[in-house]
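The values are calculated or read from the model by the stated rules, or taken from the named source; none is laboratory data. Given the structure is predicted, the values throughout are model-derived calculations rather than measurements. A quick note on method: Cβ atoms are made from the backbone with ideal geometry, for glycine too, and the neighbour counts reach across all protein chains shown. With ligands, DNA and RNA removed, areas are computed over all heavy atoms of the protein, side chains included. Shrake-Rupley method; radii C 1.70, N 1.55, O 1.52, S 1.80 Å.
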Amino acid sequence: MSLIKTFLTQQVPAIALACAAFGMAAPAGAQTEVKIGYALAVNSHYGAGAKAWADSVEQATGGKVKFKHFPNSALGGEREMVESVQLGTLEAVIVSSGTLSNFVPEVGVADIPFLFRDLAHARKVLDGPIGQDLLAKFRSRNLIALAWGEQGFRHLTNSKRAVNGPADMKGLKIRTMENPVHLTAFRTLGAAPTPMAWPEVIGALQQGTIDGQENPMSVIVSAKLAEVQKHLTLTGHVYSPAALLVSTKLWNSLDDAGKKALTDGARTGVVAMRAYVDDVERRGVEAVRAAGMQVIELRDRSAFQKALEPAYKQYYSRYDKALIDSIANTR
Ligand code: PAF
């Protein structure tokens, strides 16, 4: 190997690594690899967002910053992936808000049931000052949150019985995310909520240790839940945002142009995620019906809303009521 080649292959990555470790911008010409983890498949909304993010950054940096994808929880559950980003051993993650309130408790406000009227309302709040303030709070937890992506509105699936209203929820063992807002909601509805990390869920549904779970159409379709669940009730009980996070270590290793490429790319990723969600909201129900699921459309959700009223007392004591009201009143 020539001396120049030896320098390029051995010394340049070492210099980049050293710069990253000491929080310095990598020298021009150095390569940066961004390992990105997510819980779902490449052909999911997370995969679509990650790919668009990666493509945009690679293009803007002329290939100096390259993403390496770890889909399907290959790097662990969402909590573990966020912890790795905090430690700087993983550079990027796309993750649901359900997990994030364990790191930035204020984010839990977005998980309050029936707070958002529709996708347009949620996007307006998250792209506006409220959403941006929430993103800024991640810095004190050693995380850089670049943008809010989304999953869509969460619905209930189970294999025990058709759920037409809150009375049918009684005693159902429903897997929830490890999230206090969701746990309160499902307890209030009379179900037996079982918090569980996502990588364990499909196995638990197959073995019958839980009866059901709840997730948006984007997950129900891309994770092929029709193969393990019989009934789908379109409860739309909670809007599910997702955040695009990077490590402080990666952030500090980039110069201003690199930071801009990463931030612009995250926004491009959000556009792709939202397009996926719009599409799956339109065609997902027919797809799962064709795969054998029995779907209850539940046009009137007011019975669920009423049954959840007692939970609001807890939400008001946990979160700022003025913030909840200002989210609800955003038009
Ligand atoms: O239910 C969850 O844990 C999340 O919605 C999932 C499927 C991991 C995507 O973030």
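Let's see how each residue does on (1) buried (at least 21 other Cβ atoms within 10 Å of the Cβ); (2) in contact with a helix residue (DSSP H, G or I) (Cβ under 9 Å, 6 or more places away or on another chain); (3) on the phi > 0 side of the Ramachandran plot:
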| residue | (1), (2), (3) |
| --- | --- |
| LEU232 | yes, yes, no |
| LEU254 | yes, yes, no |
| GLY258 | no, yes, no |
| VAL270 | yes, yes, no |
| GLU286 | no, no, no |
| GLN294 | no, no, no |
| ASN329 | no, no, no |
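Small (Gly, Ala, Ser) and more than 12 Å from the ligand (Cβ to nearest atom): is that true of ALA223 in this structure? Criteria not met by ALA223. Scanning the range 301-327 for residues that are acidic (Asp, Glu) and open to solvent by 90 Å² or more (accessible area, probe 1.4 Å), we see that the one that is nearest to the chain's Cα centre (by Cα) is ASP320. For the range 181-204, a residue qualifies if it is aliphatic (A, V, I, L, M) and more than 16 Å from the ligand (Cβ to nearest atom), and the qualifying residues are LEU189, ALA192. Selection within the range 35-85: residues that are within 15 Å of the ligand (Cβ to nearest atom) and either among the hydroxyl-bearing types (Ser, Thr, Tyr) or at pLDDT below 95 (or both). The member of this set that is surrounded by the most Cβ atoms within 10 Å (Cβ to Cβ) is TYR46. Among the residues of the range 84-105, those that are within 23 Å of ILE202 (Cα to Cα) and assigned to a helix (DSSP H, G or I) comprise SER97, GLY98, THR99, LEU100. Residues in the range 120-141 that are farther than 30 Å from ALA303 by Cα and either part of a strand (DSSP E or B) or open to solvent by 70 Å² or more (accessible area, probe 1.4 Å) (or both): ASP127, PRO129, GLN132, ASP133, LYS137, ARG139, SER140, ARG141. For the range 238-271, the tally of residues that are within 13 Å of the ligand (Cβ to nearest atom) and either of a type outside the set (S, T, N, Q) or assigned to a loop (DSSP other than H, G, I, E, B) (or both) stands at 7. What number goes with the only condition from (1) touching a helix residue (DSSP H, G or I) at 6+ places or on another chain (Cβ under 9 Å); (2) touching a residue at least 12 places away in the same chain (Cβ under 8 Å); (3) surrounded by fewer than 19 Cβ atoms within 10 Å (Cβ to Cβ); (4) closer than 25 Å to LYS137 by Cβ that ALA275 does not pass? Single failed check for ALA275: (4). Evaluating GLU106 against the criteria (1) under 20 Å from SER326 (Cα atoms); (2) crowded, with 18+ Cβ neighbours inside 10 Å leaves one unmet condition, (2).
Answer yes or no as to whether GLU178 is under 20 Å from ILE112 (Cβ atoms), open to solvent by less than 40 Å² (accessible area, probe 1.4 Å) and either among the small types (Gly, Ala, Ser) or within 14 Å of the ligand (Cβ to nearest atom) (or both). It is false that GLU178 is under 20 Å from ILE112 (Cβ atoms), open to solvent by less than 40 Å² (accessible area, probe 1.4 Å) and either among the small types (Gly, Ala, Ser) or within 14 Å of the ligand (Cβ to nearest atom) (or both). When the residues of the range 89-101 are filtered to those that are at pLDDT 95 or above and not β-branched (Val, Ile, Thr), which remaining residue is farthest from the ligand (Cβ to nearest atom)? Taking the candidates together, the pick is GLU91.
Please go through (1) under 27 Å from SER159 (Cα atoms); (2) crowded, with 21+ Cβ neighbours inside 10 Å for SER247 and return the number of the only condition it doesn't satisfy. Condition not satisfied by SER247: (1).
Which residue is nearest to GLY208 (Cα to Cα), if the candidates are limited to the range 144-175 and must be touching a Phe, Trp or Tyr at 6+ places or on another chain (Cβ under 7 Å) and open to solvent by less than 10 Å² (accessible area, probe 1.4 Å)? Applying the filter and picking the extreme gives ILE174.
Filtering THR235, THR209 for residues that are part of a loop (DSSP other than H, G, I, E, B), out of contact with any Pro (no Cβ under 7 Å at 6 or more places or on another chain) and among the hydroxyl-bearing types (Ser, Thr, Tyr) leaves a single hit, THR209.
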